[in-house]
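**Q** Provided herewith is a single structure, encoded as C-alpha cells, for subsequent inquiry.
The values are calculated or read from the model by the stated rules, or taken from the named source; none is laboratory data. Just so it is clear, the model here is predicted, and its values are computed rather than measured. Positions of Cβ are generated from backbone atoms using ideal geometry, with glycine treated the same way; all protein chains shown enter the neighbour counts.
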Amino acid sequence: MNGKIELKTIFELLDQKFFIPDYQRGYRWTPIQVKQLLDDIWDFTKKKKEGEFYCLQPIVVKKYNENIWEVIDGQQRLTTIYLILKFIEREHLRRNLKDAYNKSMFDINYKVRSKSKEFLEKISYIEESECNENIDFFHICQSYETIKEWFMNEKEFDYNMYIKFLSNFLAKEDEERPIKVIWYEIQEERTSPIDIFTRLNIGKIPLTNAELIKALFLQKGNFSESEASLKQIQIATEWDNIEKTLQDDSFWYFIYNPENPLKYDNRIEYIFDLMKNRKPEYEYYYTFNEFYKDFPKDEKPDIDKIWLEIKKYFLTFEEWYKDHVLYHYIGFLIDCGVSINEIKKESKNKTKIEFKNYLKEKIKEQINCKLDDLKELEYGDERIKKILLLFNIQTILDSKKSEMRFPFHKYKKENWDIEHVRSQTEKTINSKKHQLEWINDMLDYFFGTTDLEKIEDKKQNNKDEDLQEIMELLIALKQSEKIDSEKFEEAFEKMRKYFQEDNQVENINNISNLTLLDSETNRSYKNSFFPIKRKRIIENDANGIFVPIATKNLFLKYYSKRASENMYWTNDDAEDYLDAIETKLKDFLPEKESNNGK
C-alpha cells in the first residue's frame, strides 16, 4: 500500500465526514475493548513526562469525494471515539460547561445501515428498547454504557480528573501531550479499497510499525518530482533485501533472542526498535511515532540520511555474521541476554582486536566462574548451561580448518538444555507410557528392532544367559496388556546391574556428568542408560540431525584418555571430560587469586 501517512489529533478529526462502505461489517467492539482503550488513554494522561503523545491504531482512508473519506480500516476505533465524544458532549451540557469542541462533531455515514448515523447522533438519549432493534444498535449501546460506567465508576475520577482527561483527548497539535491517530490516506487510484480491507481484516494482519514506517519513506512528497519513482524503487528494493536476509533463521537467531517479549513478523522492525530503543512496556506504535518525528510536515526530510542510518545498522550485523569469531562470541552474548545495542555501541571506535578482547571480557562476566570452582558446579546452577554452550562454541573456534558454525537458530528453536550423561537411575520410572518406551529402547538396542517376531528369531543367537533372562522378562512385559510394576522394577534393576550403572560416577549432578542436548532428544532418553543414549546420539548424527560437537565427542569418548568399554560411563571418563572443559575454556575461567593478592 502506498499513500500519505501522518498523525492527526482527535481535534483535527472533528470537522471531517466519513463514509462506511457496504463491504464492512457493523460495529462489534466489546465492553472489554472499550474499557481497555479508556484505561490506556487514562494511564497516559496520568503520566508526568512532557513531549509525549498517545497514539491510537491506524485509520486507513481514501477520498470518496471532495468532502468525504471512505473508511477502509478503523471503523471500530472511529465509532468508539465518536461515542466517547458524545458522552463528553452530554457531560458538558449536564455540568453547564462551555462547548468542548469549538467546532462541529465529525459525521459517520453508512451505505447499508442508514439508520446508524441517526442512532449514533442521539445515543445519549436512546431508550433501552431501541438498543435491541438490531445487532449494531445493541453493540453501540453496550459500548456507550461502558463509557458512562467507566467515567462514573473510576474511583479517582472527580471533576478535575474529567477535565484532565478531556484536555488530552481533545488537545490540539500545539498543546501538551495530545491523543493522536495514525492517519493513512491511500492515494493510488488503481488500488481497490476492498483489496486493502481484505488484506487488513479478513487476513487478520494489522498494520505493523514496519509497514507504517515503510509508508513514511515511500511517500511521494519526500522526493522531487523527477526522482520520486526511482528513489521509491531503490528504497523498496533495499528494504526487501534486508527483510529477506533477516528471514533466514540462521541470521535472525544470531541477533535475536526468543526470550524477547517483542515478536516480529516483519523482522526489519527489530532493527527499527533497536534504533529507537523501544522497551516492551512502551505502547505498540512507539517506534513509528519516533520515526515520524524525523519527517517534519513543513519541510522535506533528509531521506538519504535516515535510510543510510538504517542500512548501517543492518550492515553492522551482517559484518558480524560473516566474521567467524564475532559470529560465535556475539551470538553467545545475545543468548545470555546481553543487549545487542550495548555490543554495537562498544564496537564503535575500536579496532577489530580491541573489539574481540572486549567480547572476551564480556563473556567472562557472563560465565562468572573461577577455574578452581568449575569442578564444584552442580545441576541447577544457571552458569552450567552457559559454560556448556561456550565449550561447544570454543571447540568449533579451535578447529581452525573447519568451516562449521554453531547453529544458534537450532539451539534456540529446539530448546537445548542440560542433561545427565549417566542417568539418575536411582529414580524409578512410574509412568506406564515411559515404562513401555524404556522397554522398547532396551529391545531395540540389543536386537535392532521392537518387533517381537523378529526378536524371537534373533534371540537364539545370544549365548549370554544373564542377558537371555532379562530379555525374556522384557518380552513378557511388552506382550502383557498391562505392565506389572513389580516385574518392570525387576527388569529395570537387572538391566542397571548389567550395564554397571550402580558402580559409575561419584556425583551424577556434577558438571562432569552433564551435557547439552535438544529437548526432543532429552525427553526421549531421559531414563535411559549410557549405551542407549550413546546409540541415539550416533543415530541422530548419522541421520543429519545436528548434535552439538562437544556432546558428540563425549558419547564417542573422544575426551577419555584411557581405553574403556563404550557401554559404560565411568568416573575416569567424567574426570577426563571435566579436564577437557577446563583446558578449552582456560581463557574464560580465571584462576583464584592467592592470599597475598598476587
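**Q** Which condition from (1) under 17 Å from GLY3 (Cβ atoms); (2) in contact with a helix residue (DSSP H, G or I) (Cβ under 9 Å, 6 or more places away or on another chain) is the one that ILE196 breaks?
**A** Here ILE196 meets the rest and fails (2).
**Q** Would the range 562-584 turn up any residue that is modelled with pLDDT of 90 or more, assigned by TED's automatic domain parsing to the domain that holds ARG496 and in contact with a strand residue (DSSP E or B) (Cβ under 6 Å, 6 or more places away or on another chain)?
**A** Within the range 562-584, not a single residue is modelled with pLDDT of 90 or more, assigned by TED's automatic domain parsing to the domain that holds ARG496 and in contact with a strand residue (DSSP E or B) (Cβ under 6 Å, 6 or more places away or on another chain).
**Q** Okay, moving on. May I ask you to list the residues in the range 357-372 that are loosely packed, with under 15 Cβ neighbours inside 10 Å and either without any contact (Cβ under 8 Å) to a residue 40 or more places away in the chain or among the small types (Gly, Ala, Ser) (or both)?
**A** Matches in the range 357-372: ASN357, GLU361, GLU365, ASN368.
**Q** Is there a residue in the range 149-162 that is assigned by TED's automatic domain parsing to the domain that holds PHE44, exposed (fewer than 15 other Cβ atoms within 10 Å of the Cβ) and at pLDDT 90 or above?
**A** Yes, some residue in the range 149-162 is assigned by TED's automatic domain parsing to the domain that holds PHE44, exposed (fewer than 15 other Cβ atoms within 10 Å of the Cβ) and at pLDDT 90 or above.
Residue-by-condition table, conditions (1) modelled with pLDDT under 90; (2) hydroxyl-bearing (Ser, Thr, Tyr); (3) surrounded by 15 or more Cβ atoms within 10 Å (Cβ to Cβ):
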residue	(1), (2), (3)
PRO178	yes, no, yes
ILE196	yes, no, yes
GLY203	yes, no, no
ASN209	no, no, yes
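**Q** Something else about it: Residues that are in contact with a helix residue (DSSP H, G or I) (Cβ under 7 Å, 6 or more places away or on another chain) and within 29 Å of LYS220 (Cα to Cα): find the helices (runs of 4 or more DSSP H) completely inside the range 1-110 holding 1 or more of those.
**A** Details: elements: 10-13, 31-46, 75-95.
By residue number, 10-13.
**Q** Oh, and also: Return the only residue of GLU309, GLU290, GLU269 being part of a helix (DSSP H, G or I) and either assigned by TED's automatic domain parsing to the domain that holds ILE41 or under 25 Å from HIS409 (Cα atoms) (or both).
**A** Details: GLU309 fails: either assigned by TED's automatic domain parsing to the domain that holds ILE41 or under 25 Å from HIS409 (Cα atoms) (or both); GLU290 fails: either assigned by TED's automatic domain parsing to the domain that holds ILE41 or under 25 Å from HIS409 (Cα atoms) (or both).
Only one candidate qualifies: GLU269.
**Q** Could you count how many residues in the range 244-261 are surrounded by fewer than 15 Cβ atoms within 10 Å (Cβ to Cβ) and in a helix (DSSP H, G or I)?
**A** Counting residues in the range 244-261 that are surrounded by fewer than 15 Cβ atoms within 10 Å (Cβ to Cβ) and in a helix (DSSP H, G or I) gives 2.
**Q** Considering each residue of the range 262-311, count those that are within 21 Å of GLY337 (Cα to Cα), aromatic (Phe, Trp, Tyr) and buried (at least 18 other Cβ atoms within 10 Å of the Cβ), and give that number.
**A** Counting residues in the range 262-311 that are within 21 Å of GLY337 (Cα to Cα), aromatic (Phe, Trp, Tyr) and buried (at least 18 other Cβ atoms within 10 Å of the Cβ) gives 3.
**Q** So, one more: What pairs can you find where one residue is in the range 208-234 and farther than 13 Å from TRP307 by Cα and among the acidic types (Asp, Glu), the other is at pLDDT 90 or above and surrounded by fewer than 19 Cβ atoms within 10 Å (Cβ to Cβ), and their Cβ atoms are less than 9 Å apart, with a gap of 6+ or different chains?
**A** GLU211/ASN266
**Q** Here is a follow-up. Can you report the number of residues in the range 368-424 which are closer than 30 Å to PHE529 by Cβ, assigned to a helix (DSSP H, G or I) and touching a Ser or Thr at 6+ places or on another chain (Cβ under 6 Å)?
**A** 0
**Q** Can I ask one more? Being without any contact (Cβ under 8 Å) to a residue 24 or more places away in the chain and over 30 Å from TYR23 (Cβ atoms): is that true of ARG94 here? Please lay out each step first, then the result.
**A** Working: without any contact (Cβ under 8 Å) to a residue 24 or more places away in the chain: yes; over 30 Å from TYR23 (Cβ atoms): yes.
Yes.
**Q** I've got another one for you. Cβ-Cβ below 8 Å, separation at least six or inter-chain, first residue in the range 15-32 and under 27 Å from LYS103 (Cβ atoms), second of a type in the set (Ser, Thr, Tyr) and assigned to a loop (DSSP other than H, G, I, E, B): which pairs?
**A** What qualifies is ASP15/SER104.
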